[in-house]
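One structure below.
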Amino acid sequence: MATTSLKLPDALKQRVNTLAELAGKSPHAFMVDVITEQTDRTEKRLAFIHSALEAKKDFDKTGMAYDADEVHAYMRAKIKGINPTQLTPKKYK
């Protein structure tokens, strides 16, 4: 495991110490967990953005998409336990 040194402002260090104690963790374990969570969140956000950009490219190329009202109705039916008919994309361009 690599070692990294962080210089924290005193106020932040105190906040970390307080929260780590409340969580029953060492300040080090608390910081590793927080950095891991933020790294995971950022990676997921970037993957979501990449997926959206790819979907936009596909739409620009094909003009095919699902109607939002139909998607919402489909999801409401699924939540109610109803087995709705499969959606089909429509040509919008």
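The values are calculated or read from the model by the stated rules, or taken from the named source; none is laboratory data. If you're wondering where the values come from, they're calculated on a predicted model, not measured in any experiment. Reconstructed Cβ throughout: ideal geometry from the backbone, glycine too, with neighbour counts over all protein chains shown.
On the given criteria, is residue 33 outside the structural domain of residue 92 (by TED's automatic domain parsing), loosely packed, with under 11 Cβ neighbours inside 10 Å and either over 30 Å from residue 87 (Cβ atoms) or not acidic (Asp, Glu) (or both)?
Criteria not met by residue 33.
If you check 12, 46, 19, 6, which single one turns out to be more than 30 Å from residue 91 (Cβ to Cβ) and in contact (Cβ under 8 Å) with a residue 24 or more places away in the chain?
6
Suppose we keep only residues that are touching a residue at least 12 places away in the same chain (Cβ under 8 Å) and part of a helix (DSSP H, G or I) within the range 63-93. Which one would you say is surrounded by the most Cβ atoms within 10 Å (Cβ to Cβ)?
74
Confirm whether residue 22 is modelled with pLDDT under 95 and not basic (Lys, Arg).
Criteria not met by residue 22.
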